[in-house]
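Heads up, the thing below is written out as structure tokens.
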Amino acid sequence: MSPSDPRRALPSVDRLLSRPEAEDAAARWGREPVATAVRAVLDEIREAATSAAPAPDETALFARALKRLERESRPGLHRVLNGTGVVLHTNLGRAPLSDEAAEAIADLATGYSNLEYDVEAGRRGDRYDHCAALLRRVVGAEDAVVVNNNAAAVVLIVNEFARGRDVLVSRGELVEIGGSFRIPEMIERAGARLVEVGATNRTRIADYRAALSERTGLLLKVHPANFRIEGFTESAGVEELAALGREADVPVAWDLGSAAPAGVLPGRLAGPAPSGPEARAADVVSWSGDKLFGGPQAGIIHGRADALARLRRNPLLRAFRVDKLTLVALEATLRAWLDPELARERLPAVRRLTEPASAVRERASLARDMLAPGVRERIEVVPLAALVGAGSAPEQEIESAGWAVDGPASRIDALCRAGRPPLVGRVEDGRFVVDFRCLECGDAELAAARVAEALEAVARDGDA
């Protein structure tokens, strides 16, 4: 290194850490993270330095380190504005929780709780009892238990009733549930053997009867929520399967996938009800808590008391168990479902699935009217088609409304996603589109700010 090399003028790490602003930074992030950021900045400068470039002064160096710390301290998991029009967007976290659920989590998270302690009796309790009574009321079942998601629920059911034995499933119900996970593979990993019944488009009760053997451990019906077969179709109902199961002394399970109590969601969106007569006919029923139900990620299992007692004793329940925060959020969600009007009002996912398109359009129009004239003229309020998402009612569109933004769509999309919080929309017919169905109150204002910032940046780029 020559005497004139600017790297010789770089201050030491200790010198930078002795600056007054380093004390405030250490109080916020910790001394070691601050020191690591300072070292990283100094290393970057040493690698990029040339004899012609003067070394930055200490103030600029430390400001660069602080900027690095700010960037690195941002949570990897953070809030996103959903302008896609997909209400239960799996990539965006599916159902947002209600205010009541969020408050219950905040109240419980920072202290101890009676998770597995019976306060009245003064002895160990059962974590699964906290939601069981409410679930029995909501779905009318004899008993219930909660695991960490519906895939775990299916694996637990198959393992308990058919480990080392056969599971009969219609060929038309061998679904892939997402993330490349498929029912046949789940059955195999649960320790059972899949026996395919009937044909892809037609499976009758006689097909199940013909496939019964001494090895049969379970009759499993899977609701094909994420696809639909049209034309010449036929499938055996749950009540038919339940009758055959009683005759053959084989338990019957029904995997609903996505479900909500009857009478709240429109029929075309609701799917089979977990509290209907078909559900009561099965020995066990399973479904997701974070889809149409509008709660936290959970696998809900309910049914006959004797069947649930077996599941509670299965060692896999320990591996699939839910934590206190999921349970308290689910409890708040269940309380909303005790009254259909409360569910529509308090559960964001349910509210967004049932809100009239006229109200969504009015919100989009009001948000547009708040913008500066130069930005407003680049935005058109247009009718849109929203979707349920999460594999629920995949072909059912929901009338909606939002913005179509004039300008370079891909550039505007990227700029909106770069904001904090990011706005995720979609590019459609060469324009950037923002659906306002999932943008309520403050979110609509933030989304408008993201689009305005993007359009201003595009205008600056054009001027440059």
Computed over the stretch 258-302, the ratio Rg/Rh where both radii use C-alpha atoms and Rh is Kirkwood: 0.95
For the stretch 270-334, compute Rh as the Kirkwood radius over C-alpha pairs and then the Stokes-Einstein diffusion coefficient at 25 °C and 0.890 mPa s; write the answer in µm²/s, rounded to an integer. 190 µm²/s
So with the 1.4 Å probe, I'd like the accessible area per residue for the stretch 295-444, rounded to whole Å². 44 Å²
Cα-based reach from Lys221 at 26 Å (exclusive), listing lysines while leaving out same-chain residues under 8 positions away: Lys291
For the stretch 323-464, Kirkwood radius (reciprocal of mean inverse C-alpha pair distance, Å): 16.5 Å
Please report, as a whole percent, how much of the solvent-accessible surface of the chain comes from carbon and sulfur atoms (probe radius 1.4 Å). 48 percent
Under 15 Å between alpha carbons, and skipping anything fewer than 8 positions from Lys324 in its own chain: which aspartates and glutamates qualify? Glu103, Asp107, Glu116, Asp118, Asp126, Asp129
If all Cα-Cα distances of the stretch 111-219 are sorted into 5 Å bins from 0 onward, what percent lands in each bin, rounded to whole numbers? 2, 11, 15, 16, 15, 14, 11, 7, 5, 3, 2, 0
Convert 20 °C to kelvin, take the viscosity as 1.002 mPa s, use the Kirkwood radius over C-alpha pairs of the stretch 133-277 as Rh, and evaluate the Stokes-Einstein diffusion coefficient in µm²/s, rounded to a whole number. 134 µm²/s
How long are the three semi-axes of the equivalent ellipsoid of the stretch 267-406, in whole Å, if each is the root of 5 times an eigenvalue of the C-alpha gyration tensor, listed from largest down? 40, 16, 13
Theoretical ellipticity at 222 nm over the chain - DSSP helices of four or more residues, -39500 (n - 2.57) apiece, nearest 500: -13000 deg cm²/dmol
Work out how much length Leu325 to Ala60 would gain on full extension: take 0.36 nm times their residue separation and subtract the Cα-Cα distance, in nm to one decimal. 91.0 nm
I need the semi-axes of the equivalent ellipsoid of the stretch 89-131: take the C-alpha gyration tensor, multiply each eigenvalue by 5, square-root it, list largest first in whole angstrom. 28, 13, 8
Return the ratio Rg/(2.2 N^0.38 Å) for the stretch 222-349, where Rg is computed over Cα atoms only. 1.14
Alpha carbon Rg of the stretch 18-126, scaled by the compact-globule rule 2.2 N^0.38 Å: 1.80
For the stretch 193-292, dividing by residue count, accessible area per residue (probe 1.4 Å) in Å² works out to 43 Å²
What share of all Cα pairs of the chain, in percent, falls into each consecutive 10 Å distance bin? 4, 17, 21, 20, 17, 12, 7, 3, 1, 0
Pull out a ≥ b ≥ c, the square roots of the eigenvalues of the alpha-carbon gyration tensor of the stretch 298-357, then state rounded if a/c is under 1.5, prolate if not and a/b is larger than b/c, and oblate in the remaining case. prolate
Considering only DSSP beta bridges where both residues belong to the chain, give the percentage that are antiparallel (nearest 5). 60 percent
Solvent-accessible area of Asp107, probe 1.4 Å, all protein chains present, reported in Å² to the nearest ten, please. 120 Å²
Using only the Cα atoms of the stretch 400-464, each taken as one equal point scatterer with no solvent, compute I(q) by the Debye sum, divide by I(0), and report log10 of the ratio at q = 0.11, 0.22, 0.23 Å⁻¹. -0.22, -0.86, -0.94
Percentage relative contact order, the chain, counting C-alpha pairs under 8 Å, at least six apart: 18 percent
Accessible surface ranking that places the most exposed of Ile301, Ile177 first, with a 1.4 angstrom probe: Ile177, Ile301
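The values are calculated or read from the model by the stated rules, or taken from the named source; none is laboratory data. Please read these numbers as outputs of a predicted model, since none were measured by experiment. Just the protein is used for accessible areas: all its heavy atoms, side chains included, with ligands, DNA and RNA removed. Shrake-Rupley method; radii C 1.70, N 1.55, O 1.52, S 1.80 Å.
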